[in-house]
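As structure tokens, the structure follows; a few thoughts come after it.
Every number in this text was worked out from the coordinates using simple rules, so none of it is lab data. Just so we're clear, the structure is a prediction, and the values are computed from it rather than from any experiment. Cβ: placed from backbone, ideal geometry, glycine included. Neighbour counts: every protein chain shown.
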Amino acid sequence: MGVTNEVEHVQSAEVPRRDRRSWICGPGSGRGVWEAFFDTVGFDIKPERIRELKSGRDSTKETSAEELALASRLRFTTRLQDLKPCGVMIVTVPTPIDEHKRPELRPLIRASESIGAVLKKGDVVVYESTVYPGCTEEVCVPILERVSGLRFNRDFFAGYSPERINPGDKEHRLSTIRKVTSGSTPEAADFENHVLFDIKYVFPSRDADGRL
């Protein structure tokens, strides 16, 4: 979830703008973003999850009622169309393993399909769900391209930054932990680091093969 003002589209070689309205897809680490005073839209497909957050209750116990009440630039929705003005998407859906200990990617695939439906030129999509190296570029990005009709690293950009927090952990919170980040271009990586640096310390990185 995150940033501010009107979305300004960027061209292929330009640095994505920092001042964007953003959103988080899934019930993950949104608190640190609204702590950073960004205009934030929290999206979830489960109406009951949105209802509890709107009422000031967080069943994960990551956020208190007082913190939610103070988050004046945060709103919640189940309506995909409410995300169209957003220019930065942070995806925090769960990625469990199946009975064979293989990653269950269906939540991530569905989230990518949803993002693709509202993706615009100049948008930046950052995945925080725990996945194997290369999953962002090999699984998620092709879905974004297919659904949106846009070209990766020309029309939109991507990044990866493992979530690294546990719901209910009051000591290791998003605003205090150190984050590892990566971007699909040097400009996208720099933009992602700037956004996340407003919330936490970051360490730019890719895997050994340079994959997201």
Worksheet item: Modelled label-to-label distance, T130 and S72, 7 Å Cα→beta-carbon offset: nm?
Response: 3.7
Worksheet entry | trypsin sites (Lys or Arg not before Pro) within the stretch 34-135, DSSP loop, no more than 13 other Cβ atoms inside 10 Å | R57, K61, R79, K101
Practice prompt. Past 31 Å, Cα to Cα, is the threshold; run K61/K121; K120/K179; K46/K121; K61/K101 against it and keep the listed order.
Written response: K61/K121
Discussion item. At R0 = 35 Å, how high is the FRET efficiency between K101 and R154 if r is their beta carbon distance? Nearest 0.05 is fine.
Written reply: 0.40
